[in-house]
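Everything below concerns the one structure shown next.
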Amino acid sequence: MEANGLGLKGFPELKNDTFLRAAWGEETDYTPVWCMRQAGRYLPEFRETRAAQDFFSTCRSPEACCELTLQPLRRFPLDAAIIFSDILVVPQALGMEVTMVPGKGPSFPEPLREEQDLERLRDPTVVASELGYVFQAITLTRQRLAGRVPLIGFAGAPWTLMAYMVEGGGSSTMAQAKRWLYQRPQASHQLLRILTDALIPYLVGQVVAGAQALQLFESHAGHLGPHLFNKFALPYIRDVAKRVKARLQEAGLAPVPMIIFAKDGHFALEELAQAGYEVVGLDWTVAPKKARERVGKTVTLQGNLDPCALYASEEEIGQLVKQMLDDFGPQRYIANLGHGLYPDMDPEHVGAFVDAVHRHSRLLRQN
C-alpha cells in the first residue's frame, strides 16, 4: 500500500507521525501537541475567511473547510490537523434542521419532543451519502497537508447528539433530554441506536477519505451521573469503537487510533479507558497523576491544560505546561487543552503553549 512513497489514494507520505505513535502507545522523541478548536475564531484569518458565510454553508464547502483546517498549521508547529466541521452535521443528515445563531450557538427549530418524532428521522444508513462534503474536505485537506502532519476526523457521540436534538440547543441542565432518559428509556435507546448506526459509516467514510485518527466527542457527559452514563452513553461509546474497527478490518483498511473525549466525565475514567479507544482525552478538572493511576498503562492520555490558562503571560504558560508534562510523564501522552480554544484568545499565547510543550518535553527526555 505504501509503494513509491504514496499511501492510500496516492496521498503524500507522512513526514511527522509523532502524534500517531503517541496515540498507539509507542515511544516518541517529544510530546506531540494539538488544540481542540485550533481552527477557529481566535485567528483573524479565520474571521476573514468565514466573515461572509453562514456557518453550516462553510461546513458544506470542502474548499473552505480545507483552508480553515490549514490556517493554524501555517502559524504553529502543531503535530496534528483536525478537519474543520461540526458534530451537528449528523442530525442535519438525519433530516433535522439546525441553524447557528450568532452569540447563542446551535438551534433546532423543531426539536424531538414526542416519541413519534423519531419517525421524522431519515434511515441512518443514508447519512454517509448525505455527508459526502465532509469526505471531500478530508481528502482535499489530506492532499494539501502534503504529509506535514496527520489529519484527525471526528464526530459527536450518540448521547451528546441526542441531547442537542431533544433539547433544541445548548442548555445548562439538559433537563429535556434527561427527562427522555427517565420517562422514555425505550425511545431514548431507539434514538441512540439510530445515531450509532449513522455514526459507524460516517466515521469509516472519514478514514476511507483520508482521516488518520478519529476523535469521538461526548461533550455532554457531565450532565449525566455514573448511573445514566453507564446506561445511556457508555454502551454506545463502546459500540462505536468496536464496530468502526470491525468495519475497517472488513474493508481491508489499516486501523486508525481512536480518541474518546468525554467532557466532565471524570467519574467514568476507568470505564472509558476500557471502552476500546487507544486514547482518552481529559478535561482540565482531572489531575493528570490521578488519571494515570486510574487508567493504568494501557491507554494514551490526551489533554488537559485549562484553556483559560492561555490568558496568562507567556512565561506563566511555560511554567504551567512544564508542570503538566511532569505530571503526565513523557510517554503515552498527547498534549492538548482540556477543552477548545475561545474566540478572544491571543494567537501568540497559543504559539507559546505549543512551543512550551515541544521545548519542555524534549528537556524531560534528556533528564
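The values are calculated or read from the model by the stated rules, or taken from the named source; none is laboratory data. Keep in mind it's a predicted model, so treat the numbers as computed, not measured. Positions of Cβ are generated from backbone atoms using ideal geometry, with glycine treated the same way; all protein chains shown enter the neighbour counts. Keep in mind that these areas ignore ligands, DNA and RNA; they rest on the heavy atoms of the full protein, side chains included. Shrake-Rupley method; radii C 1.70, N 1.55, O 1.52, S 1.80 Å.
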Quiz item: Identify, please: which residue in segment 264-279 is open to solvent by 30 Å² or more (accessible area, probe 1.4 Å) and in a loop (DSSP other than H, G, I, E, B) and is, among those, nearest to residue 225 (Cα to Cα)?
Solution: 264
Exercise. From 245, 231, grab the single residue that is part of a helix (DSSP H, G or I), basic (Lys, Arg) and closer than 16 Å to residue 267 by Cα.
Key: 231
Quiz item: Of all residues in segment 135-168, how many are open to solvent by 10 Å² or more (accessible area, probe 1.4 Å) and β-branched (Val, Ile, Thr)?
Solution: 1
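Of all residues being of a type in the set (Gly, Ala, Ser) and not in a helix (DSSP H, G or I) in segment 280-309, which is nearest to residue 215 (Cα to Cα)? Just the residue, please.
Residue satisfying both the conditions and the ranking: 281.
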Quiz item: In segment 103-121, is there at least one residue being open to solvent by 80 Å² or more (accessible area, probe 1.4 Å), outside any strand (DSSP E or B) and on the phi > 0 side of the Ramachandran plot?
Solution: yes
Exercise. Residues being part of a helix (DSSP H, G or I), open to solvent by 10 Å² or more (accessible area, probe 1.4 Å), among the hydroxyl-bearing types (Ser, Thr, Tyr) and touching a residue at least 40 places away in the same chain (Cβ under 8 Å): count how many of those fall in segment 310-367.
Key: 0
Self-check item: Residue within segment 76-99 that is open to solvent by 50 Å² or more (accessible area, probe 1.4 Å), assigned to a helix (DSSP H, G or I) and modelled with pLDDT of 95 or more present
Solution: no
Quiz item: Of the residues in segment 313-328, how many are out of contact with any helix residue (DSSP H, G or I) (no Cβ under 7 Å at 6 or more places or on another chain) and of a type in the set (Gly, Ala, Ser)?
Solution: 1
Practice problem: Please give the number of the condition residue 35 fails out of (1) more than 29 Å from residue 301 (Cβ to Cβ); (2) modelled with pLDDT of 95 or more; (3) in contact with a strand residue (DSSP E or B) (Cβ under 6 Å, 6 or more places away or on another chain). | Solution: (1)
Quiz item: What number of residues in segment 149-201 are in a helix (DSSP H, G or I), without any contact (Cβ under 8 Å) to a residue 60 or more places away in the chain, over 19 Å from the mean Cα position of the chain (by Cα) and closer than 30 Å to residue 68 by Cβ?
Solution: 3
Exercise. Look through 62, 72, 32, 44 and report the one residue that is open to solvent by less than 60 Å² (accessible area, probe 1.4 Å) and closer than 12 Å to residue 85 by Cα.
Key: 62
Exercise. Please determine, by comparing only the residues of segment 169-208 that are of a type in the set (Gly, Ala, Ser) and surrounded by fewer than 20 Cβ atoms within 10 Å (Cβ to Cβ), which one is nearest to residue 233 (Cα to Cα).
Key: 187
Quiz item: Can you tell me how many residues in segment 1-31 are in contact with a Pro (Cβ under 9 Å, 6 or more places away or on another chain), assigned to a loop (DSSP other than H, G, I, E, B) and modelled with pLDDT under 70?
Solution: 1
Quiz item: Does segment 311-328 contain any residue that is in contact with a strand residue (DSSP E or B) (Cβ under 7 Å, 6 or more places away or on another chain) and of a type in the set (D, E, K, R)?
Solution: no
